[in-house]
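Where a number appears in this text, it was derived from the coordinates with a stated rule and is not lab data. What you see is a predicted model, and the numbers here were worked out from it, not measured in a lab. Ideal geometry is used to build each Cβ from the backbone, glycine not excepted, and the neighbour counts take in all protein chains shown.
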Amino acid sequence: MKFTDIFIRKPVLATVISLLILLIGIRAALDLNVRQFPEIRNAAVTVTTQYIGADADLIQGFITTPLEREIAAAEGIDYIVSSSSAGMSTIQAFLRLDYDPNDALTQIAAEVNKMRSDLPEDALDPVVQLSVGQDVAAMYLSFYSDILDSNQITDYLVRVIEPQLSTIAGVQRAEILGAQTFAMRIWLDSQRMAARDITGSDVIRSLQANNVLSTLGRTKGSMVAIDLVADTDLRSLEEFRDLIVRADNGSVVRISDIAEVELGSENYEASAIYNGEQATFIGVEIAPDANALDVIAEVRRVWDRDIIPQLPQGLEASISYDSTEYIENAIDEVLVTILLALVIVLAVIYAFLGSLRSVIIPAVAVPLSLIGTFMAMLALGFSINLLTLLAMVLAIGIVVDDAIIMLENIQRHIENGMSRMEASLLGARQLTGPVIVMSTTLVAVFVPIGFIGGLTGTLFVEFAFTLASTVILSGVVALTLSPMMCSRMLRSRDEGKRPRFEKWLDERFNRLKEGYQRKLHSALNTKAVLAVFGGIILVSCYFLFITSNSELEPQEDLGFVFAISQADSYATLDYIERNSAQFAKLERDVDEIDMAFVINGMLGPGSVGTGLGLVPWSQRERSTQQVLEENIQPFIEGIPGLRVFALIPPSLPSPGGGLPVEFVISSTQPLENLQEIANEIMAEAMESGRFIMLDNNLRIDRPRQTVQVDRAKAALMGVEMSQISADLAAMLAGPFVGRFALENRSYRVIPQVQRSERLTPDQLTHFYTRNRDGELVPMSALVDLQESVQPQQLNRFQQLNAVTISGVPRPGVSLGEALSILDNIAVQRIPAGVVIDYAGQSRQFKSEGQQLLVTFFFALVIIFLVLAAQFESFRDSIIVLVTVPMSICGALIFVSLGFASLNIYTQVGLVTLIGLIAKHGILIVEFANKLQEEGRSKREAIEEASAIRLRPILMTTAATVLATVPLLIASGPGGASRFAMGLIIASGMTIGTLFTLYVLPAMYLYLAKDRAAAGIDT
């Protein structure tokens, strides 16, 4: 008894197996996480070190350079970038996707701690922070008030709101943006200080000596122990004002005599605006392994139940941005696509067979295979996401093939006079081998994807193995349930009793089969022409590939636009706020925009980050790209005082600054040399007309005044360099001098001369220092000021001086073309000793494209070996693979014409095509070999096999192609990626099938073994 006979003769067994697949699949689906993409551990470790008052050169030489040298020794780092600016060192180590972020964090933290003793004494401890996942938070919450100050709002958020959000399961971090943290600000008056013989360092020493945290311990008697505390610290405005700075000859000088004391903010270099009002934001970041939809739903429940009802009077709040709206809409679109594809496939089957009974069999097999796939997904640790659902959309057209082939073969035997039981037994036996071969072949295609690293591997392993699991289950159902259903449901009828539509279809397909066989016979008389045509198709694939636009991913409609602005390096926050406030006009004037938030100082001094949220897709007719081009771009060009560029953020997680183009020029040469090279490259690239904008991150325009000390005069007057440095820093730098407690939380104490006395550099000459004899000496007697210009920040890439050219290509210009333009210019412009590299999306594009190309050829090798093993013939596997260039050519024609680009979706689609189109070759070659074994000549066998297999080939092709129609008409959330994948499958299968039906038989005549001549019997 053959394997398939068991299930045909035991229908209960076949039914039980199918019900088990169904029930376990439903149960697994309920346990799977739902998210936008598979878990992507896109991680970066950031080390920030604050050195208040230090200039960029000092920061780079004494902090950044030694730290990044040690950090580079850690494992798992893809690349390192650093920036040194006034008072701050920032080093970012972007990690490889295949490396455990926690291991890298441990190593980097150890390297940083090892260097702590080598850093300047007054530098604060380096802060090491790990960020995993998207750079943009999943949700932004805004808080604003006409009554409360920003520092009061911040304190409420820190004490009440942030703890509530951070404790929600799945929330990685709730970060306050635009925070104005409480600080005790001591605004010094230099004239009052000089009149009372006080210098800045005197104030610092007094604060350090008289604001002390005491830890006294306890007393312990024979029966009672008592804890001891001492009020040696300062806790209120009055206590700070009454602090005695100096006491001489019965007179005292208090802080209130020389300064104004207030409960202010740590810094005044950043602010936030929401729809034109001052605001403070909280960004809610989701853990990479969490279910984003469930987490944000819980955040909304806490928001409505706990946060909103408890807001203090005068404080208002709203949800500014929720990324899960996009995810939910995108998933809903894909679910609708799955239903449409299923209906279309069933309609195709009915159109080809004309029998409702025949439709019921695949109508059961396809959903059963899809639902059973959830079982495999849970076992493999996958999630329900846009890619696994996309795999199911494609699977509908693929898995129905097995049911169609089985159904058509059994139906053919019934029409030849067999009973339905006999036809089912014989038909299932004949197709057991081909079904196993086709399923194994398609699964083998996706094996190489499992070996891809980087972003593509992380994303498409779940896509590939979900599709492979569906194919395996489809094969199981096709060999167990489908033959059993055919043996019970199909009926043998004579011609007179058959339904008119079914009879009409059979007549048409018989004519089509006879016509095709005649044309094939004539074509094979000139098989050399077909062989040459096949060769031309093969060669054309290369030229179509190199002439196609390439990019990392297609542009999705996210319903969100992000704008990055930069003011002149010397601009103040007041100046920036006055100009950035104009973004609120977009929310008022453009119907599609319903939210605008602005964070001044977001990316450092002089920077502005702006987010523009659009109304839901169902409430607007224009796409985000259209709104950007027609409204946002013309508006931002008219904002004075800011260099602004806006873009739609990438849908895929990517490191770097977020712009598509990040082209790095690095060298040991001075930054001035690199700036000259960068400007030349940018000027020539802009002349090409292929870029909206190009900019670089090097600005040598920050004014600096060097305080030159007359050392000889200082020595004669008894003034030491350390004293000058301490007094000037105390007055100007705003150093952090201890902490004070306020309602059981500690805050910084910051003395600094009031703003009116630091408007210009010349004012510091009015300050005083002290000599060794304790006498005041005016700074004007010791120092001169010299003007100079320095970079706004000193940037490095891979421990080399670097300039990064960032930009946005024009619509219709792919990322690959943009980078190619810059590469070609750089080859001509850069001198020896200067190297080019890439960051962010550009780096991903360069690495991912090469990996997929290798994977494509690896997949061809794998499938060739699998076919050779199954056919026990290397020649037969070559014949089957003739179908591959036919379909690849068909797909690339539309890509080269500009209907899509070569991106990670289309490239994975090309890999998928290998398995899909190879099924046609397997059907024809396997049947032709059997016909040869029955005694037919090689030509007779291939002509008859091609004609008999024409109907199932056309049915499976039509089912696969028409199942992608919902992808081709996709719009809204995730529509671009679905269209890209659908176009490749539809065009490749359609054109590839047409070419295959003629080219493959010709190659069979050339390469196949003549089994009749070899005397091979059945």
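Using the alpha carbons alone, the radius of gyration of the range 61-111 stands to its Kirkwood radius in an Rg to Rh ratio of 0.99.
Bridges between two residues of the chain, per DSSP, are antiparallel at a rate of about 95%. Note down the net charge around Ser383, summing +1 for each Lys or Arg and -1 for each Asp or Glu among other residues with Cβ under 12 Å from its Cβ. That sum, taken over residues with Cβ under 12 Å, equals -4. Debye-formula intensities of the range 198-238, expressed as log10 I(q)/I(0) at q = 0.17, 0.22 Å⁻¹, are -0.61, -0.78 (one equal scatterer per alpha-carbon, no solvent).
In the range 474-592, Rg over Rh equals 1.37, where Rg is the alpha-carbon radius of gyration and Rh the Kirkwood radius from pairwise Cα distances.
Taking the inverse of the mean 1/r over every pair of distinct Cα atoms in the range 272-389 gives a Kirkwood hydrodynamic radius of 18.6 Å.
Note that the range 825-874 shows a convex hull volume over its alpha carbon atoms of 118 Å³ per residue. Here Lys10 is the anchor, and the aspartates and glutamates within straight C-alpha reach of less than 20 Å, apart from those fewer than 8 places off in the same chain, are Glu422. Note that the range 857-939, at 4 °C in a medium of 1.567 mPa s, gets a Stokes-Einstein diffusion coefficient of 92 µm²/s from its Kirkwood radius over C-alpha pairs. Restricting the calculation to Cα atoms, every distinct pair contributes to the Kirkwood radius of the range 841-983, found to be 17.0 Å. The alpha carbons of the chain stretch over 127, 75, 60 Å along the principal axes, in descending order. The reciprocal of the average 1/r between distinct C-alpha atoms defines the Kirkwood hydrodynamic radius, which for the range 522-584 equals 18.2 Å. Debye-formula intensities of the range 244-314, expressed as log10 I(q)/I(0) at q = 0.19 Å⁻¹, are -1.02 (one equal scatterer per alpha-carbon, no solvent). Screening the chain for whole DSSP H helices with an alpha carbon extent of at least 18 angstrom along the helix axis and a mean Kyte-Doolittle hydropathy of at least 1.6 yields 11-31, 324-353, 356-380, 527-546, 883-896. In a DSSP loop and with at most 12 other Cβ atoms within 10 Å, there are no chymotrypsin sites (Phe, Trp or Tyr not before Pro) in the range 315-358. Ratio of Rg to Rh for the range 40-83: 1.03 [Cα atoms; Kirkwood radius as inverse mean 1/r over pairs]. When peptides 628-636, 159-167 are ranked by their average number of other Cβ atoms within 10 Å per residue, the highest-first order is 628-636, 159-167. Normalised by the number of residues in the chain, what is the relative contact order in percent for Cα pairs under 8 Å and 6+ residues apart? About 17 percent, as a whole number. Rounded to the nearest 500, the helix-only mean residue ellipticity at 222 nm of the chain stands at -16500 deg cm²/dmol, with each DSSP H run of n ≥ 4 adding -39,500 (n - 2.57).
Can you list the GluC sites (Glu not before Pro) in the range 202-284 that are in a DSSP coil and have 16 or fewer other beta carbons within 10 angstrom?
Listed in order of number, the matching sites are Glu269.
Taking a sphere under 9 Å around the Cβ of Arg951 and counting the other residues whose Cβ falls inside, with K and R at +1 and D and E at -1, yields a net charge of +2. When only Cα pairs below 8 angstrom with a gap of at least 6 residues are kept, the range 392-475 shows a relative contact order of 42 percent. Rg and Dmax of the range 367-498, based on Cα coordinates, read 17.6, 62 Å. The alpha carbons of the range 204-325 occupy a box of 71, 52, 31 Å along the principal axes, longest dimension given first. Classify the range 131-251 as rounded, prolate or oblate from the Cα gyration tensor: take a ≥ b ≥ c as the square roots of its eigenvalues, call it rounded if a/c is under 1.5, otherwise prolate when a/b beats b/c and oblate if not. Oblate is the answer for the range 131-251, as a/c is 1.5 or above yet b/c matches or exceeds a/b.
Cross-link reach is defined here as a Cα-Cα straight distance under 27 Å, omitting same-chain residues fewer than 8 places apart; for Lys527 the lysines meeting it are Lys513, Lys519, Lys919, Lys930, Lys938, Lys1009. Set the Cα radius of gyration of the range 1-98 against 2.2 N^0.38 Å, with N its number of residues, and you get 2.30. Mean projected area of the convex hull spanned by the Cα atoms of the range 729-827, taken over all viewing directions: 15.0 nm².
Taking the alpha carbon gyration tensor of the range 328-414, multiplying each eigenvalue by 5 and rooting it gives semi-axes of 27, 15, 8 Å, largest first.
Counting only residues at least eight positions apart within a chain, or on another chain, the aspartates and glutamates with an alpha carbon under 18 Å from that of Lys713 are Asp727, Asp773, Glu775, Asp784.
Scaled against 2.2 N^0.38 Å for its residue count N, the alpha carbon radius of gyration of the range 114-200 is 1.65. The relative contact order of the range 581-730, computed from alpha carbon pairs under 8 Å that lie at least 6 residues apart in sequence, is 10 percent.
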